[in-house]
Amino acid sequence: MNDFYNFFQSAKLDVDMAAYLDIGTEWKHMVSAFQYVRIYYIRSGSARLTLTDGILPLEEGYMYFIPAFSILNGTCDHHLGHYFIHIIPDLVTEHFLKLLPLQHRIKMDRDTADYLFCLLSKTFNQRSFYSQFAMDSVLKLILSYFFENMQELSVPSGMERFTKVFEYIDSHINEKIHIKDLSALVYMDDAYFSNLFKKTFGVSLQKYILEKKTDKARYLLSTDMTIADIANALDFYDAASFTNFFKKQTNLTPKDFRKQLFTLKPQKGSLTFVRLPF
């Protein structure tokens, strides 16, 4: 039980979008092969989703957990008023969520949903340490509702031994991380440790570290730090080497990412976000 909560608290969950949306019949034939996990709360109306494992009716008063890449299409015959959250987990957390026997939906009263989803939506566009901390806390609280009815809360076999490894990576991501330092935390040979990590999480240790460093770079680029200062903070030789790294990881230069970050606007013809319903 404690291992589960320790792992869950260290999970990395980036919110890609959080809002309240009213939709109608235009939602038909929505193909949604996207990488993000979705959480819906249906405040009014109804709709249907066709998932890879069957039909899922979306009904008023229920919260839904929709795994990534699982929606084939959706249909709304009349009206659907709903909160939605799009989450992009890191590679390890994504693997972790796939292994959990999470149910697709749970009942939630409207007052609780309004409070939690409204708080998350309002902090989504605020770029500050407080808002990021608040979003992470509220999101994990929302996800915890799905864990309440699970028979056993345990980390899938083999994962719990890596808790110290994840903590070390998070606290040393600004430095060069050596495999020998990580393997020493779990008293393993370097090669055995690397192979076990990939077997357990479905991703290589090097790829995971690169993703975590990229996540930290994205966060720093949302602040007013200069690119040179960010490069220095992340232990790159200079701004040019950081730019090359970031472009290789994201297909964007730091300048382009920063420009995109602060100029995102809904495109013509896209769904329109409406005011929260209270």
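Coordinate-derived values only; no laboratory data. Remember, it's a predicted structure, so these values are computed and weren't measured experimentally. Ideal geometry is used to build each Cβ from the backbone, glycine not excepted, and the neighbour counts take in all protein chains shown.
Assorted remarks:
- Our estimate of slack between Asn244 and Met225, defined as 0.36 nm per intervening residue step minus the Cα-Cα distance, is 5.0 nm.
- Beyond 23 Å in Cα-Cα separation lie the following of the pairs Lys176/Lys212; Lys216/Lys259; Lys140/Lys207; Lys122/Lys213; Lys164/Lys247; Lys207/Lys247: Lys140/Lys207; Lys122/Lys213; Lys164/Lys247.
- Ranked by the mean number of other Cβ atoms within 10 Å of their residues, highest first, the peptides 79-86, 190-197 fall in the order 79-86, 190-197.
- Using the average count of surrounding beta-carbon atoms within 10 Å as a protection proxy, the listed peptides 230-243, 208-221 rank, highest first, as 208-221, 230-243.
- Cβ crowding within 10 Å averaged over residues, with 114-120, 198-204, 39-45, 172-178 ranked highest first: 39-45, 114-120, 198-204, 172-178
- Shape of the stretch 161-262, Cα gyration tensor, a/c cut at 1.5: prolate
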